[in-house]
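Undergrad: Got a structure for you, written out below as structure tokens; questions coming shortly.
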Amino acid sequence: MSNWARRVVALLAVGLVLIGLAGANIAQPVVSLPIPGVPVAAVRPAGAAVPSPRLMPANTVYEYTGTAGIALTFDDGPSPIWTPKVLQVLAKYHVHAVFCMVGFRVREHPELVRAVAQAGHTLCNHTVNHDPSISRWSPRDIHRDLAENNQLITAASGGVRPRYFRSPQGLFTPRVVEEARRLGLASLGWRVTAFDWQSPPLPPKALARNVDIRVRPGSIVLMHDAGSPGTHRHTLAALSIIIAYIQEHGWQTTAL
């Protein structure tokens, strides 16, 4: 082979290596929220799940877990009627979840907060009074509300501090996300919802289908153990169907 041919082969090899490196660094697509100014962290899973991932506080709202694990999340509790029943179903299937708790209910039922924490589930700050107008409050008032609920949950749980924040009705704004970040809380959105908050409530099979047709490895799933529509018997029945569907597909769950 001539010297000229050797140079051509060497240049081609270098080019292929550079193309491969560039392809490896292509960013994942980011899915935008309907709220302007708040980016969504669309970290799509690849490969095997990593146990107990932790989404870090940042100026972003997470819709994905960042691994192949699916996160089941429950909002608006704790409820003396439905939270214990949800815990029983989760224990039956050996699943851990995330509970986004409202401060005024934490005050009323601290023993349920402790039960959730002792069962190995993750605690999430869902504001003190579940007031969706918090998205329009001043940074100082937002900070005060989130800090108060952090203290309520930590005291009730026996010292387990929330790691996550979910804004009421998912109404995230840049200032809400920033104040959560300043308190060490990652803002937790969702990718899939069961629509179990609708009134009148949907039948359990319809709720389960809302999740089953959309859930994929890495999804964060929204459900409720309190709040609207006042009963969560339908959620409880759907939960068993949803978990069975996830496990039948060989997918894993995570409590973040």
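Undergrad: Counting Lys and Arg as +1 and Asp and Glu as -1, each charge on the Cβ, what is the dipole of the range 29-248 about the Cα centre in debye, to the nearest 20?
TA: Around 300 debye, computed over the range 29-248.
Undergrad: Counting only DSSP beta bridges with both residues in the range 29-248, tell me the antiparallel percent, nearest 5.
TA: Within the range 29-248, antiparallel bridges account for around 5 percent of the total.
Undergrad: In what sequence do Glu178, Glu111 fall when counting other Cβ within 10 Å, fewest first?
TA: Glu111, Glu178
Undergrad: Sticking with this structure for a sec: Provide Cys124, Cys100 in ascending order of the number of other Cβ atoms located within 10 Å of each residue's Cβ, fewest first.
TA: The fewest-first ordering by Cβ neighbours comes to Cys124, Cys100.
Undergrad: For a footprinting-style exposure proxy, rank Phe99, Phe172 by other Cβ within 10 Å, fewest first.
TA: Final ranking by Cβ density, sparse to dense: Phe172, Phe99.
Undergrad: Could you please state, rounded to a whole Å, how far the C-alpha centre of the range 70-112 is from the C-alpha centre of the range 129-171?
TA: Measuring centre to centre over Cα atoms gives 17 Å.
Undergrad: Would you kindly derive the ³J(HN,Hα) couplings of the range 55-64 from the backbone phi angles with the Karplus curve 6.51 cos²θ - 1.76 cosθ + 1.60 (θ = phi - 60°), listing them in order in whole Hz, with x for Gly and Pro?
TA: So the Karplus estimates, Gly and Pro as x, are 7, 8, x, 6, 7, 8, 10, 8, 10, 10 Hz.
Undergrad: Starting from the Cα gyration tensor of the range 29-248, take the square roots of the eigenvalues, sort them a ≥ b ≥ c, and report rounded, prolate or oblate (rounded when a/c is under 1.5, otherwise prolate if a/b is larger than b/c, else oblate).
TA: Judged from the Cα gyration tensor, the range 29-248 comes out rounded (a/c under 1.5).
Undergrad: Sticking with this one: Given contacts defined as C-alpha pairs under 8 Å and at least six residues apart, what's the relative contact order of the range 29-248, whole-number percent?
TA: 25 percent
The numbers here are math on the coordinates, done by the rules we state, and not lab data. Quantities reported herein were computed from a predicted structural model and do not represent experimental measurements. Cβ atoms come from the backbone with ideal geometry, glycine included; neighbour counts cover every protein chain shown.
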